[in-house]
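Following: one structure in structure tokens, then a few remarks.
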Amino acid sequence: MLSFTGTGVFLTPRNRRMSQAIQKRVVVASAVPEKADAKVSIVNTALPGAVIGFSVVNRVIYRTLLVPMKDYTFFITQFITFAYVAVYGAFLIARWKKGIVTDDMIAVARSKWRTFALIGGLEAISLAVQLYSGARLPGSLLGILSQGILPFTMLCSIVLRGRKYSALQAASIGVIIAGVLVTIYPTFSSLSSTLGVELLVNSALFFMSCGFIALALVLKETALQGENLDIFVVNTSSSFMQMLATIVLMPFSFAVALGGLSLSRSLDYVNSGIRTAVGTEGLRITPYIGLAYMTVNLIMNILGITLIKNMSAVTAMLTSIVTVPIVTLVFCLDLPLLAPQPFTPLFVL
């Protein structure tokens with residue numbers, strides 16, 4: 001039996017079945033983008049919460065690790081950078097084999113090696129400075145001082161990416177800086193002049209190191225959004241350069257830790273640092289704390305760079321604001337290896 005269509009074409013039963021099958025495929029195909037968009041929307045909604053959660057855990061483990069490794073922060077820097085290169089490199093190779101990462105992406109990363117060298121150097125300096133100064137600061141101050149990354153990120157975005165911010169956004173940055181100063185004032189005023197100066201110097205170092213992180217984040221954002229690179233291409237490239245920069249900074253790290261350069265003292269320092277890191281000296285649980293910190297830190301960085309890729313560096317930094325009162329309140333608890341910090345209502349303002 002023939003069927004006449006509105007287009008003037010006669011359909012046989014066989015052709016009718018083929019037409020219906022094609023229509024079903026078209027309907028299914030049109031539904032795929034909607035499902036993909038819904039999935040992306042869910043991921044983007046969950047990302048900030050995941051970043052906040054892992055940031056809080058990361059900050060607590062970070063401060064806990066600095067208790068046994070206070071005098072050996074150089075080793076933490078080395079372990080972290082080598083772990084970054086190994087893990088990100090493994091993910092990069094796996095994604096390259098699956099075709100997610102293309103040869104063109106790798107070629108672009110190679111052509112931008114100077115940018116990634118700058119990113120790696122900035123991250124190496126900031127990590128070394130924050131580990132050194134953070135080991136000498138109360139845990140409750142770390143989250144507060146880390147808010148310096150937001151004004152620095154906005155400043156770098158204005159200079160490098162030509163972004164414009166409203167007067168209200170600029171005022172909010174002023175409020176954040178004022179909040180940091182008001183919150184840390186009681187801590188400084190309760191100390192003697194000598195301890196106060198030491199705390200001030202370490203706080204300033206920690207705060208200013210946020211500028212290096214901010215610049216690195218904006219450069220990563222430019223690479224991710226400008227060149228449409230995979231996140232693991234960016235992370236592996238910057239981490240490799242960070243590892244090289246850390247090696248270059250090794251003499252400086254030893255000079256700071258030992259008060260000068262000496263081959264015999266450096267060898268003793270390395271031996272003692274390794275023994276402390278593996279738990280044969282000091283706390284036996286040190287290597288497990290270190291492993292937990294590296295794991296959480298890697299996950300947090302992957303989530304953070306994904307947030308930057310899907311949104312922006314400033315959006316990623318805004319999520320960090322939420323972590324400040326949470327982290328500060330957590331440090332007021334009686335945590336293992338950490339003395340509880342005195343609570344003040346200013347922490348949650």
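With the cut-off at 31 Å, tell me which of the pairs Lys98/Lys220; Lys97/Lys164; Lys164/Lys309; Lys97/Lys220; Lys98/Lys164; Lys70/Lys164 have Cα atoms farther apart than that. Could you put the intermediate results ahead of the total?
On the way: Lys98/Lys220 24 Å; Lys97/Lys164 40 Å; Lys164/Lys309 19 Å; Lys97/Lys220 24 Å; Lys98/Lys164 39 Å; Lys70/Lys164 41 Å.
Flagged as over cut-off: Lys97/Lys164; Lys98/Lys164; Lys70/Lys164.
Evaluated at 4 °C with a viscosity of 1.567 mPa s, what Stokes-Einstein diffusion coefficient in µm²/s does the range 226-307 have when Rh comes from the Kirkwood expression over alpha-carbon pairs? Mind showing how you got there, number by number?
Working: Rh = 15.5 Å.
The calculation lands on 84 µm²/s.
What length, rounded to one decimal in nm, is gained on full extension from Lys70 through to Phe82, with 0.36 nm per residue of separation minus their alpha-carbon distance?
On the way: separation 12, 0.36 × 12 = 4.32 nm, distance 1.98 nm.
Gain on extension, Lys70 to Phe82, equals 2.3 nm.
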* Asked: So what are the ³J(HN,Hα) numbers for the range 142-159, from phi and the Karplus equation (6.51, -1.76, 1.60; θ = phi - 60°), rounded to whole Hz, Gly and Pro as x?
  -> 4, x, 5, 5, 5, 5, x, 5, 5, x, 5, 5, 5, 5, 5, 5, 5, 6
* Structure fact -> Note to self: with every protein chain in place and a 1.4 Å probe, the range 67-347 gives an accessible area per residue in Å² of 48 Å²
* Structure fact -> The alpha-carbon center of the range 61-77 and that of the range 215-286 are separated, in whole Å, by 12 Å
* Asked: What nm distance separates the two modelled labels at Val197 and Asp103, each placed 7 Å from Cα along Cα→Cβ?
  -> 6.2 nm
* Relative to the present Cα-Cα distance, how much length would full extension add between Leu318 and Ala90 at 0.36 nm per residue of separation? -> 79.0 nm
* Asked: Going by the alpha-carbon gyration tensor, a ≥ b ≥ c the square roots of its eigenvalues, is the range 67-347 rounded (a/c under 1.5) or, if a/c is not under 1.5, prolate (a/b greater than b/c) versus oblate?
  -> oblate
* Structure fact -> With R₀ set to 22 angstrom, the calculated FRET efficiency between the beta-carbons of Ile326 and Ala171, to the nearest 0.05, is 0.35
* Under the definition of Cα pairs under 8 Å and six or more residues apart, what whole-number percent is the relative contact order of the range 67-347? -> 33 percent
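Could you compute the FRET efficiency for Arg284 and Arg110, with r as their C-beta to C-beta distance and R0 at 45 Å, rounded to 0.05?
Details: r = 44 Å, r/R0 = 0.98.
Approximately 0.55, to the nearest 0.05.
The values are calculated or read from the model by the stated rules, or taken from the named source; none is laboratory data. Everything numeric in this text was worked out from a predicted model, so none of it was measured. Virtual Cβ from ideal backbone geometry, glycine too; neighbours counted across all protein chains shown. Quick note on the areas: whole protein, heavy atoms, side chains included, nothing else; ligands and nucleic acids left out. Shrake-Rupley method; radii C 1.70, N 1.55, O 1.52, S 1.80 Å.
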